[in-house]
Amino acid sequence: MATAPYNYSYIFKYIIIGDMGVGKSCLLHQFTEKKFMADCPHTIGVEFGTRIIEVSGQKIKLQIWDTAGQERFRAVTRSYYRGAAGALMVYDITRRSTYNHLSSWLTDARNLTNPNTVIILIGNKADLDAQRDVTYEEAKQFAEENGLLFLEASAKTGENVEDAFLEAAKKIYQNIQDGSLDLNAAESGVQHKPSAPQGGRITNEPQPQREGCGC
Amino acid sequence: MDQSVAVQDSLKEDENCIVAAQCQFFVNDVIESRLVSLVECKSEYGIFLFTHRRMAITKDDISLDKVVPITKDCTIEEVLSEFPVLGADMTVRITSDSVFLELQLPFSSHSQRFLDETCKACHGVDMSEDPCPQFLWLSKYLPKSALASDSEKKGAFIPTAAFKGIETEASDNKRKTGTATVNGKSQVSEETKQNIQNISDNNAVRDGKVKPEVNNDMVRSSSYTVANKAQMLAMPQFELRDNLIKCELLKREESYTFTKNYRFFVGTYNVNGQSPKESLLPWLKGGIEPPDIYLVGFQELDLSKEAFIFSDTPKEQEWSKAVYEGLHPESKYAMIKVIRLVGIMLLFYVKKELAEYISAIEAEYVGTGIMGRMGNKGAVGIRFNFHNSSLCIVNCHLAAHTEEYERRNQDFRDICSRLTFRSFDPVLPNLPIMKHETVLWFGDLNYRISDVDVEQVKKLIDERDFKTLYKYDQLKKQMEEKAVFDGFTEGELTFQPTYKYDTGSDQWDTSEKCRTPAWCDRILWKGKSVKQLQYSSHLSLKTSDHKPVSSIFEIGIKVVNEELYKKTFEEIVRSLDKMENECIPSVSLSEREFYFKDVKYMQRQVQTFTIYNDGQVPCQFQFIQKLEEPAYCKPWLTAQPCKGFVAQGAKLEIELEVFVNKTTATKLTSQEEKLEDILILHLERGKDYFVPISGNYLPSCFGSSLQALCYMREPIQDMPPEHIQQFTLMPLHPQTEPSNTLEKQLDIPKEVWMLVEHLYRNACHQADLFQQPGLRTEFEEIRDCLDTGMPDSLPGSNHSVAEALLLFLDALPEPVICYSHYHKSLDSSGSYTQCKQAISTLPQCHKNVFNYLMAFLRELLKYFMFNNLDRSTLASIFGSLLLRPPPGIKQDATQKKKVQEFIEHFISKQEDVS
Ligand SMILES: Nc1nc2c(ncn2[C@@H]2O[C@H](COP(=O)(O)OP(=O)(O)OP(=O)(O)O)[C@@H](O)[C@H]2O)c(=O)[nH]1
Ligand SMILES: [Mg+2]
């Protein structure tokens, strides 16, 4: 059987930040395991997940770092921002305080990552619309003012979870394509697979063909 | 964790430990842990294996077990298991002509680095022009016994049949084969090449690369060389994943493929050096329904000497054209590949619309003629994938002459072993014919009808009794004896022998030799889903002394259902993701948070917790630094061990110790700092755990400043924290106390008074006062007493109280003679007047304490008969505490002398400085 380029050619590092209890770990878990954790313990440290996704036919491995949201760990989690290609900044749409803290999270994200880091704002717990404390429009405006991607999602139902991770990846990939993200720069957060002999195919992409010879 | 330090510690000066990693090693079927390391000396490399303690830190923790010099014949390779699991241990095999070692390394960056570095070293040795490494530096490490056994082999380290040597030989062989036949291959006409290139760019590019370079052949002929191994190891994760996915896809092939039958036309024709003279349509049409694939073989395309020597013949074009024109008229065909070796040619056509499902085409040839190499006999082969099935087609011309059937058998075996195809992955060995799902093998096999006379043969032919005639067929007999074509099938022969006719007729050979007719031209197959629909010869073609033979096969081909394939693929990728996530090292901690209650000055507190590896892989942990911090923890804290290795299911106890001494006490007492820290327990390649540490520190006079203590009329621990903070953070008043101070300052700290008073009252007669150490427990009582109350007398022996006084003076953040006065004081040590002058400018409370202490020392000296004290002893003890150099400034012997002189002035005279 022929070999094929099954594999990913990029690794993107992501961090997930935001107040405690906004659902960062649940988002990661939903994304990697397609499951919801109803009683998820507080993250006391930094957790780690990976998944391969596809953007424009390119396989990309996301390496996602989920950080502790508790205020007392704030100083420590700052060590982890470095070298992130993407940052998911999460708040809880049912708790206004988590939204109010965004500017401080954003300051950290901007100061501690590189200028090309793609930041996506995620309003989590969209399933709890009845308890909504932050409107979509308000957050959307905040995102626009600060040049962030924005989505409301639910780690519980899975709604928009894939998209959140994908949208950021698309943007990063686009930055690579148009050259604004320099892969060789230290801390770009992106690793590129060194070129390997390209294989044939296992899928049936049409190949150019020709009339027989000798005629 | 990095244990290379321990290894380096054990090495000689010019030897260099490049990398060390923990590994498992089989010793008499028992797994033992070893430290394996790569050591360099003068550009020579050796692999050192040590037995070791759990956490090797110095050379005493390790002991050398084995040394393997990296000679030119040494190979290092990662042994990939059939279904490698991501994150699983890696097995590394080290082989040379004197060594065979297999090590198992945990999946970690250290292991990877070891592998990378070792391969690099190995590669370096291999490439080096230098004479063979001598490894003289290694001899000292070799035990006597090892030397003894080596001496039998005489210089086992000096490669005898070096890896490189063997390699060269192999490539030479290949080259010899090449020169005889390589032209045969390049013979493919330009136009044909063009076609091939267009059918499959990939293949064409690779063909182009390989042909002119014997070097590339070298790479191909050995399944692994250090060079491509190293390249492969460069991206272990990427590669590993590729292989995993491939394996999984193969395993689940049935779930996304279905079998579809395709019509294959196979033809073989020995044309006896003739040019085409008639249409080949009768032979090639192959029935009403157009075949999907044509595989057409010729033998004896050109019998001229030129063809044999120069391998260039116009016949190739002529016959290719004739074939193309004779293909089934109702379909359009694309030429996929041509391969020719002198007169043996194989053409491969496919219906145009199916061309896109053909991939991984490789063509090869093998000569079995004169000297077992020349191309007048031999075989050409094409391998390819059609949809998801692999096929191999062989067209051969075996040795002639009736009695030579053994040679023919031999030729077959030669072809089987020598005709191999490059596999796609340069790391994998070449693909032999028999590794394909379907093999179609045909040609002029040259087996004859023997043990029966010509007349009888012709009679049987006339009667069309082919069954009886078949009994005399050599191929049948040889196959029954399993001497040749084992595992192959041939359809029933229902046509008369195809050899030998008078050219241009249907007449049996009328020449002098009058050869017995024979079924020379045959078609066989091997493979599960092959059904022969037709097997016949074509008498109407009269160009040659052979008749062409054809067969139509219906072959079941595994066709990919795109949707199911995508689904399976996604599933595999997902499950790998899942596996990878599960393989992220993980541990559980018996305790997540620590509180150290009532921490006291100079009193150790210890708490422990266990790390339990509940993950699926072994893990290395380490407490790591936080951003912009100098160490992994605050100076009052230590974690023991601070890095290490925990096997799966294993536990390790970590000790956390809090100890506040003079360097940390001051800021804790002043509350500028708190007993608070967050340790980061980092797992290599895995999660990080935050371990918050906190506690409360009981403020103490030890580590507090003289001025602050002068403000405290109560024991420090009875003071409200805000007051402590206020007094301790207050800047030092330069001379006298400012009038606006809220409270009246004490002249000297009550703690100093209590200590000195106690000694004055009880210890003047004490022998060896200030010379004999006190007891730690008594010190603790004295400390508590000073910090919590004001009893009339202090607990403990005189020695303990004396030591407490010294410790107190030592812990002062600002010494009695302030840092700012240090240089001035030393400069004045020659003159008492100047010394007094220096003291007179100290802040009031410091001056008071100084005078008080000096008076006390003078008093003590009066009892020198009892307490054995003398001026210079006291001056040097107290000098080193009262007149300390500012931080970062070193004291030399003359300065020490000056300090002593300075104090001596004061204890010799009977007056205070005002
Ligand atoms: N209804 C609802 N509950 C959610 C959702 N996401 C998370 N939760 C719940 O919110 C709680 C906190 O979720 P976590 O994922 O642990 O929050 P976190 O941001 O990781 O918190 P820290 O680790 O402390 O920083 C859990 O009890 C979840 O079950 C959601 O989308 N909808
Ligand atoms: Mg969490």
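The values are calculated or read from the model by the stated rules, or taken from the named source; none is laboratory data. This is a predicted model, so every value here is computed, not measured. All Cβ positions, glycine included, derive from the backbone under ideal geometry; neighbour counts span all protein chains shown.
Below are the figures for this structure:
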| quantity | calculated |
| --- | --- |
| Residue within the range A:51-66 that is under 14 Å from the mean Cα position of the chain (by Cα), farther than 17 Å from A:Asn175 by Cα and near ligand 1 (Cβ under 8 Å from one of its atoms) present | yes |
| Matching residues in the range B:677-700 - criterion: being over 18 Å from A:Arg74 (Cβ atoms), within 8 Å of chain A (Cβ to nearest Cβ) and of a type outside the set (D, E, K, R) | B:Leu681, B:Gly686 |
| Hey, B:Tyr349 in a strand (DSSP E or B), over 42 Å from the mean Cα position of the chain (by Cα) and either buried (at least 24 other Cβ atoms within 10 Å of the Cβ) or more than 11 Å from every other protein chain (Cβ to nearest Cβ) (or both) or not | yes |
| Residues of the range B:354-388 classified as within 14 Å of chain A (Cβ to nearest Cβ) and without any contact (Cβ under 8 Å) to a residue 12 or more places away in the chain, total | 1 |
| Flag if B:Glu325 is within 46 Å of the chain's Cα centre (by Cα), acidic (Asp, Glu), surrounded by fewer than 22 Cβ atoms within 10 Å (Cβ to Cβ) and at pLDDT 90 or above | no |
| Check on A:Thr43, more than 7 Å from chain B (Cβ to nearest Cβ), closer than 19 Å to A:Phe12 by Cβ and within 12 Å of ligand 1 (Cβ to nearest atom) | no |
| Leading residue by the ranking (surrounded by the fewest Cβ atoms within 10 Å (Cβ to Cβ)) among those in the range B:527-546 that are more than 23 Å from B:Asp486 (Cα to Cα) and without any contact (Cβ under 8 Å) to a residue 60 or more places away in the chain | B:Leu539 |
| Test: residue in the range A:34-41 that is within 16 Å of ligand 2 (Cβ to nearest atom) and touching a strand residue (DSSP E or B) at 6+ places or on another chain (Cβ under 7 Å) | no |
| Selected residue [part of a helix (DSSP H, G or I), free of Cβ contacts under 8 Å to residues at least 40 places away in the same chain and within 16 Å of ligand 1 (Cβ to nearest atom)] from A:Phe31, A:Phe73, A:Phe48 | A:Phe73 |
| Those residues of the range A:76-94 which are within 15 Å of ligand 2 (Cβ to nearest atom) and outside any helix (DSSP H, G or I), in sequence order | A:Leu88, A:Met89, A:Val90, A:Tyr91, A:Asp92 |
| Matching residues, the range B:569-597, being in a strand (DSSP E or B) and surrounded by 15 or more Cβ atoms within 10 Å (Cβ to Cβ) | B:Leu589, B:Phe594, B:Phe596 |
| Candidates A:Ser25, A:Ser9, filtered to the one that is among the hydroxyl-bearing types (Ser, Thr, Tyr), in contact with a strand residue (DSSP E or B) (Cβ under 8 Å, 6 or more places away or on another chain) and within 8 Å of ligand 1 (Cβ to nearest atom) | A:Ser25 |
| Selection status of B:Tyr269, modelled with pLDDT of 90 or more, away from every other protein chain (no Cβ under 12 Å), in contact with a His (Cβ under 9 Å, 6 or more places away or on another chain) and surrounded by 24 or more Cβ atoms within 10 Å (Cβ to Cβ) | yes |
| Failed criterion for A:Gly86 (all others in (1) more than 12 Å from ligand 1 (Cβ to nearest atom); (2) surrounded by fewer than 24 Cβ atoms within 10 Å (Cβ to Cβ); (3) not aliphatic (A, V, I, L, M) hold) | (2) |
| Residue satisfying all of: in the range B:654-676; touching a helix residue (DSSP H, G or I) at 6+ places or on another chain (Cβ under 7 Å) and surrounded by fewer than 18 Cβ atoms within 10 Å (Cβ to Cβ); nearest to the other protein chains (Cβ to nearest Cβ) among these | B:Glu673 |
| Residues of the range A:107-137 that turn out to be under 17 Å from A:Ala164 (Cα atoms) and either in contact with a His (Cβ under 7 Å, 6 or more places away or on another chain) or away from ligand 2 (no atom under 16 Å from the Cβ) (or both), as a count | 9 |
| Any hit, the range B:547-562, residues being more than 29 Å from the chain's Cα centre (by Cα), in a helix (DSSP H, G or I) and within 14 Å of another protein chain (Cβ to nearest Cβ) | yes |
| Some residue of the range B:390-410 being surrounded by fewer than 22 Cβ atoms within 10 Å (Cβ to Cβ), among the hydrophobic types (A, V, I, L, M, F, W, C) and under 30 Å from B:Glu77 (Cα atoms) | no |
| Matching residues, the range A:51-70, being more than 7 Å from every other protein chain (Cβ to nearest Cβ), surrounded by 15 or more Cβ atoms within 10 Å (Cβ to Cβ) and outside any strand (DSSP E or B) | A:Gly69, A:Gln70 |
| Of residues in the range A:106-129 being in a helix (DSSP H, G or I) and without any contact (Cβ under 8 Å) to a residue 60 or more places away in the chain, the one nearest to ligand 1 (Cβ to nearest atom) | A:Asp129 |
| Helices (runs of 4 or more DSSP H) within the range B:276-338 that include 1 or more residues within 14 Å of chain A (Cβ to nearest Cβ) and in contact with a strand residue (DSSP E or B) (Cβ under 6 Å, 6 or more places away or on another chain) | B:315-326 |
| Condition met for B:Leu391 (part of a strand (DSSP E or B), within 14 Å of another protein chain (Cβ to nearest Cβ) and at pLDDT 95 or above) | yes |
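Every residue, every condition in (1) more than 14 Å from chain B (Cβ to nearest Cβ); (2) in contact (Cβ under 8 Å) with a residue 40 or more places away in the chain; (3) away from ligand 1 (no atom under 16 Å from the Cβ), yes or no:
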| residue | (1), (2), (3) |
| --- | --- |
| A:Tyr99 | yes, yes, no |
| A:Ser104 | yes, no, no |
| A:Gln131 | yes, no, no |
| A:Glu144 | yes, no, yes |
| A:Ala153 | yes, yes, no |
| A:Ala164 | yes, yes, no |
| A:Glu167 | yes, yes, yes |
| A:Ile172 | yes, yes, yes |
